[in-house]
Amino acid sequence: MMVQSLTKGLKVGLQTVWSLGKIIFPVTLIVAVLQHTPILPWLSKLLAPLMGIFGLSGDAAIPLVIGNFLNLYAAIGAILTLDLTVKEVFIIAVMLSFSHNMLVESSVVTRVGVKLWIALVVRIGLALIAAIVINLVWRGGNELAQYGFIQATEQETGLGIWGIAVDAVQKAGLGILQLAIIVIPLMIVIQILKDLKWLDKFSKWMSPFTRALGMKPNTSTTLAAGLLFGLAYGAGVMIQAVKEDGVSKKDATLAVIFLGACHAVVEDTLIFAPLGIPILPLLLIRLAMAILITALVAFYWNRVEIARRKETTYEF
């Protein structure tokens, strides 16, 4: 049985990498090329006047734009070049925790049948709301942030067209490699757990939490994968779950909403620790917002379904 589990898990893992890779590779390629053009600096300058609404200086637009187009590591590299207060860095960290790597992470969820606009509205909306609330509520954090021992890395310049193309292909290829390194072993482990019936026990243990969020127990694996490994990798597990476990469109959408607000909680939280900001509130804000928005959407969705059933009953 173990050999069969390994074989099936490997097959599913390769299929998932291929499915997600068809999105991740071209998107990463395009964004990597844009890094060497005036487009990202232009966007940052365009957004600078809006930063005051969130209690940020105009320079804060740079890591926000880079983080949304690329990833948190690139955004942190930009933060290290700026003189920002602890409050500003914390607000940027909260915003980027909700909204980062948007082109890749928000696109892959469409593979499970969830509409792209839902992922975009949830992630960007939560980032904006959280930033405004923190700016209004928190009166401290006005001292300059101390970045510890982290050193900024300078972006290569003067690469030329061929150099830019090679750099873009390398980054896109590395993105697929990183995806495969995580997703394939993850799918193999999940397949083994399924065959050993351990996932059934896990689903039962998680059922009170998933039920409270308006989802069925068979979404627990998806939530766990997304919380630990990230939205893109959680989407990979979700693709398999939709095919094999009968996860409904409603549950898949609710899972995407929850993971859009709170995913990769260990990595995405700890990478901000050396920037001199409180990371526990960062984690708690993400978790609280994820639970709140998911529960509200589930409540409204259930009300609509009940109303439709009543209308159907009255027609008969």
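The values are calculated or read from the model by the stated rules, or taken from the named source; none is laboratory data. None of these values were measured; they are calculated from a predicted model. Reconstructed Cβ throughout: ideal geometry from the backbone, glycine too, with neighbour counts over all protein chains shown. Quick note on the areas: whole protein, heavy atoms, side chains included, nothing else; ligands and nucleic acids left out. Shrake-Rupley method; radii C 1.70, N 1.55, O 1.52, S 1.80 Å.
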**OP:** Could you work out the per residue convex hull volume over the alpha carbons of the stretch 25-144, in cubic angstrom?
**Re:** 97 Å³
Original post:
Which is the longest part of the chain that has none of the GluC sites (Glu not before Pro) sitting in a DSSP loop with at most 14 other Cβ atoms within 10 Å?
Top reply: 157-316
Original post:
Given 0.36 nm per residue, what is the gain on full extension from I291 to I30 after removing their alpha carbon distance, in nm?
Top reply: 90.6 nm
**OP:** Set the Förster distance to 35 Å, then compute FRET efficiency between L46 and V133 from the Cβ-Cβ distance, nearest 0.05.
**Re:** 0.90
Original post:
So what's the gap between the Cα centers of the stretch 20-97 and the stretch 270-289, to the nearest angstrom?
Top reply: 18 Å
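My understanding is that a pair violates if its Cα-Cα distance is over 32 Å; which of K171/K201; K22/K216; K171/K204; K22/K87; K197/K250; K197/K249 do that in this structure?
Working: K171/K201 40 Å; K22/K216 30 Å; K171/K204 40 Å; K22/K87 39 Å; K197/K250 25 Å; K197/K249 24 Å.
Result: K171/K201; K171/K204; K22/K87 exceed 32 Å.
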**OP:** For T85, enumerate residues with amide H under 5 Å from its amide H, sequence gap 5+ or separate chain, H modeled in the peptide plane.
**Re:** A145
**OP:** Give a residue-ordered list of calculated ³J(HN,Hα) values for the stretch 52-61 (Karplus: 6.51 cos²θ - 1.76 cosθ + 1.60, θ = phi - 60°; whole Hz; x for Gly, Pro).
**Re:** x, 4, 9, x, 10, 6, x, 5, 5, 5
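Could you sort Y73, Y147 by their accessible area in this structure, using a 1.4 Å probe and putting the largest first?
Numbers: Y73 130, Y147 35 Å².
Largest accessible area first, the list is Y73, Y147.
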Original post:
Taking θ as phi - 60°, what are the ³J(HN,Hα) couplings along the stretch 256-265 by the Karplus curve (6.51, -1.76, 1.60), each to the nearest whole Hz, with x for Gly and Pro?
Top reply: 5, 4, 5, 5, x, 8, 9, 9, 6, 5
Original post:
Which residue fluctuates the most in the chain, going by a Gaussian network model with Cα springs under 10 Å, if the choices are Q191, Q178, Q15?
Top reply: Q178
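Rule-of-thumb check for the chain: C-alpha Rg over 2.2 N^0.38 Å? Before the final figure, lay out the partial values.
Values: Rg = 20.9 Å, N = 316, 2.2 N^0.38 = 19.6 Å.
In units of the 2.2 N^0.38 Å rule of thumb, it is 1.07.
Add -39500 (n - 2.57) for each DSSP H run of 4 or more in the chain, then divide by its residues: what number comes out at 222 nm, to the nearest 500 deg cm²/dmol? Each step should come with its number before you reach the end.
Numbers: 14 runs with 232 residues, N = 316.
Calculated at 222 nm, the ellipticity per residue is -24500 deg cm²/dmol.
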